[in-house]
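Values quoted throughout were computed directly from the atomic coordinates according to the rules given, and no laboratory measurement underlies them. Owing to the predicted nature of the structure, the values given are computational and were not obtained by experimental measurement. Ideal geometry is used to build each Cβ from the backbone, glycine not excepted, and the neighbour counts take in all protein chains shown.
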Amino acid sequence: MPLVRIDLRRGKSAAYKKAISAGVYQALREIFGVPENDRFMVVTDRAEEDFLYEQSYLGIAHGADFVMLQITVSDTRSVEQKQALYARIVELLSKNPGIRPQDVMINLIDVGKENWSFGNGIAQYLV
Amino acid sequence: MPLVRIDLRRGKSAAYKKAISAGVYQALREIFGVPENDRFMVVTDRAEEDFLYEQSYLGIAHGADFVMLQITVSDTRSVEQKQALYARIVELLSKNPGIRPQDVMINLIDVGKENWSFGNGIAQYLV
Amino acid sequence: MPLVRIDLRRGKSAAYKKAISAGVYQALREIFGVPENDRFMVVTDRAEEDFLYEQSYLGIAHGADFVMLQITVSDTRSVEQKQALYARIVELLSKNPGIRPQDVMINLIDVGKENWSFGNGIAQYLV
């Protein structure tokens, strides 16, 4: 069910972006237990002027590879699961495509399970 | 009040996209009872590499016309209303522009009525 | 912590867009008390056909400079703070870059403080 919006600086290859989405998907599978093929993501390349973040926030240095992940999910996960998800995403993206842990920002939006329809006009998680 | 984000594969005509937004608006009017002219939508054309979904999820086959609708609304609707909204959107989009029911994904984000300002710096739904 | 999505009609200069983001940041600093350098924003230029709003809603006239702000924030603000935020954003944007108060739409999405990671895979607001 997650709907993932990935924003990053323009200029990355398709393979680089594919590695990001693959890592996020794997972490969601492992930590949140999302079903196989539950992958719904959009990627947006941003010009520098349209992608604003500071070089340092809370003592964390953000560089040119900064990536912003906004993930809408059902509200069934614990705080511990969320913490584990952040750690796993960062671990996977540091391996491939090789993004520094400092450069991965994650925000979750929680919604009820009745807030999803994956086709046919049916709220699949209710039935 | 809904703020609607429409994502779809690049290459559709303006008329095709207009039909999608018109159908979503009509369904919101009929089922959620939103006021006339309460239409705030953004449409984003996506390259194939930037729009990720599986060809099948939960037994639902997704094709090239897959469209992802993320709708932020006030948290005043029942589960039954949400179910009716999904069904009505799919019905309208299957008529015009002719999207298969399987290809319409919908996600709702609920927010409080104090979370909206439509201009002038005022929270109109509170006054 | 806010994650701000700014949508506006294509054709504005980088300076114009920078003034919007600066005004939103200043208002968030003053009214919501967000920390210094807590600025995470994406700006999307929209073709007219992909940016849909009515010329009038609730008696508020929307023109070509209409800007849509969707701000994801932690759920720790009162209704009064939200109202003050709307008023201050509009005030600042009317000064620079000179947007009419009617043309500023704001929507807030509230999330828990555990829903944020700003790098290193850690939920910074929990620790």
Would you mind calculating the gained length between C:Lys113 and C:Thr76 on full extension (0.36 nm times residue separation, minus the Cα-Cα distance), in nm to one decimal? 12.5 nm
Give the nm distances, rounded to one decimal, from C:Lys18 to the matching residue in every other copy, measuring between label points 7 Å along Cα toward the beta carbon; shortest first. 3.8, 3.8
Answer with one residue from C:Ala64, C:Leu93, C:Met105: the one whose Cα lies farthest towards the positive end of the charge dipole of region C:37-127, charges on Cβ with Lys, Arg +1 and Asp, Glu -1. C:Leu93
Of the candidates C:Ile31, C:Ile60, C:Ile71, which one comes out as most mobile in a Gaussian network treatment of chain C with C-alpha springs shorter than 10 Å? C:Ile60
Which percent, nearest 5, of DSSP beta bridges in region C:3-126 are antiparallel? 35
Copy-to-copy spacing for C:Arg29, label 7 Å out on the Cα-to-C-beta vector, in nm, shortest first? 4.4, 4.4
Test of understanding: ordering A:Thr44, B:Thr72 by Cβ neighbours within 10 Å, fewest first, what list do you get? A:Thr44, B:Thr72
Pick from C:Leu92, C:Leu58, C:Leu69: which residue has the top mean-square fluctuation in a GNM of chain C where Cα pairs under 10 Å get a spring? C:Leu58
Using the structure shown, select from C:Lys18/C:Lys95; A:Lys113/B:Lys17; A:Lys18/B:Lys17; A:Lys113/C:Lys82; B:Lys113/C:Lys113; A:Lys18/C:Lys113 the pairs with a Cα to Cα distance greater than 18 angstrom. A:Lys113/B:Lys17; A:Lys18/B:Lys17; A:Lys113/C:Lys82; B:Lys113/C:Lys113; A:Lys18/C:Lys113
Based on Cα positions only, what radius of gyration and what Dmax would you give for the protein assembly as shown, in angstroms? 19.5, 53
Once you've got the GNM for chain A with C-alpha springs shorter than 10 Å, pick whichever of A:Asp50, A:Asp110, A:Asp38 has the biggest mean-square fluctuation. A:Asp50
How far apart, in nm, are the 7 Å Cα→Cβ label points at C:Ala15 and B:Val127? 3.4
Alpha-carbon centroid distance for the pair region B:49-127 / region A:103-127, whole angstrom: 10
In region A:12-104, which GluC sites (Glu not before Pro) are in a loop and have at most 13 other Cβ atoms within 10 Å, using DSSP for the loop call? A:Glu36
Inter-copy distances for B:Leu58, nm, shortest first, label points 7 Å along Cα→Cβ, are 3.2, 3.2
Using the alpha-carbon atoms, what tilt in degrees (0 to 90, nearest 10) does helix C:14-32 show relative to the longest principal axis of chain C? 50
If you draw the axis that swings chain C onto chain A, which residue of C has its Cβ closest to it, and how far is that in whole Å? C:Ile109, 4
Taking every pair of distinct Cα atoms and averaging 1/r, then inverting, what Kirkwood hydrodynamic radius in Å comes out for chain A? 15.4
